[in-house]
Amino acid sequence: MTNYEHYQSTVEQVNRAIQKEANAPWYIEYRPVTTSVRQAFDLVSPAGIVCQQLELDAAVAHAHWPEKSAVEQHVLDYVVRGAARLAPLRQTAFRNNIPQWLTQSLQQVHHVTGSSERLLSMLNDPAFPYPSQVNLDGIYLPCWVWHASEDETGASQASISVIDRRTGYFSAPRSVAAAQLVDQEKWLGAQVIDSVDESIETIRYYVDAHRRSQHHVDFDEPSISEALRHPCAATLSRL
């Protein structure tokens with residue numbers, strides 16, 4: 001088995017495993033409107049964990065993501081599919097991108113297209129999305145590839161978002177010539193690929209960290225006498 005085949009096999013197994021663990025169905029919860037034309041909202045798991053955060057034109061949000069409605073399975077499949085393709089890669093940029101992927105990936109897809117038909121097509125296309133590298137001005141940068149199409153001349157184009165190596169944040173999506181992307185088989189063939197178990201644990205780690213970040217433990221305010229007797233047990237916010 002080549003390294004590329006090892007990666008593909010790992011992704012398939014990780015995808016199946018995480019699909020079984022995914023807490024579905026998600027539902028849509030609107031946040032307070034920040035302006036009259038924008039709508040912020042979250043995709044929330046049955047346990048109340050925010051799984052994706054989006055802010056769109058109000059008309060687009062209401063059309064694609066009606067408040068309190070259940071999120072369709074292909075949306076969850078898309079997020080899991082991307083996570084499974086990301087987790088086996090050890091490069092720092094891709095590892096740093098996992099928290100962004102888990103909360104901001106669908107926002108990126110909406111930046112690529114506002115068309116309902118194209119959005120549905122992108123989410124249901126098993127070939128996408130995938131992590132890669134793109135040649136920009138002679139420098140190869142880590143990126144996500146969202147979609148590929150042909151322009152009016154018949155040349156192949158790809159919609160991508162570059163990943164900041166240090167923070168893992170997405171850049172704004174852009175269109176590039178498909179020829180600027182690395183040969184995926186050769187590139188993955190040269191990468192260090194984690195095992196299935198390691199990749200699953202990587203996703204679990206970041207999902208758990210995300211879950212913990214949304215839970216805050218509230219402690220009862222101690223009395224002054226309790227604080228004096230047990231100064232390390234609690235803190236006083238005010239006297």
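Computed values, structure above
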{"item": "Condition met for Val109 (in contact with a Ser or Thr (Cβ under 8 Å, 6 or more places away or on another chain), without any contact (Cβ under 8 Å) to a residue 40 or more places away in the chain, buried (at least 17 other Cβ atoms within 10 Å of the Cβ) and within 23 Å of Ala172 (Cα to Cα))", "result": "no"}
{"item": "Matching entry among Leu54, Leu89, Leu43 (being closer than 22 Å to Glu198 by Cβ and in contact with a helix residue (DSSP H, G or I) (Cβ under 9 Å, 6 or more places away or on another chain))", "result": "Leu89"}
{"item": "Enumeration of residues in the stretch 173-185 that are touching a residue at least 24 places away in the same chain (Cβ under 8 Å) and either among the charged types (D, E, K, R) or touching a helix residue (DSSP H, G or I) at 6+ places or on another chain (Cβ under 7 Å) (or both)", "result": "Pro173, Glu185"}
{"item": "Identity of the residue in the stretch 6-63, of a type in the set (Phe, Trp, Tyr) and under 15 Å from Val75 (Cβ atoms), that ends up surrounded by the fewest Cβ atoms within 10 Å (Cβ to Cβ)", "result": "Tyr27"}
{"item": "Residue within the stretch 116-137 that is within 28 Å of Tyr205 (Cα to Cα) and among the small types (Gly, Ala, Ser) present", "result": "yes"}
{"item": "Residue within the stretch 2-13 that is touching a Ser or Thr at 6+ places or on another chain (Cβ under 7 Å), touching a residue at least 40 places away in the same chain (Cβ under 8 Å) and more than 23 Å from His215 (Cα to Cα) present", "result": "yes"}
{"item": "Residue that is under 18 Å from Thr103 (Cα atoms), touching a residue at least 40 places away in the same chain (Cβ under 8 Å) and of a type in the set (Val, Ile, Thr), where the choices are Val79, Val60, Val44, Val75", "result": "Val75"}
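Any read-out appearing in this document is the output of simple, stated calculations on the displayed coordinates, not a laboratory observation. Source: prediction; values computed, not measured. So basically every Cβ, Gly included, is an ideal-geometry build from the backbone, and we count neighbours across all protein chains shown.
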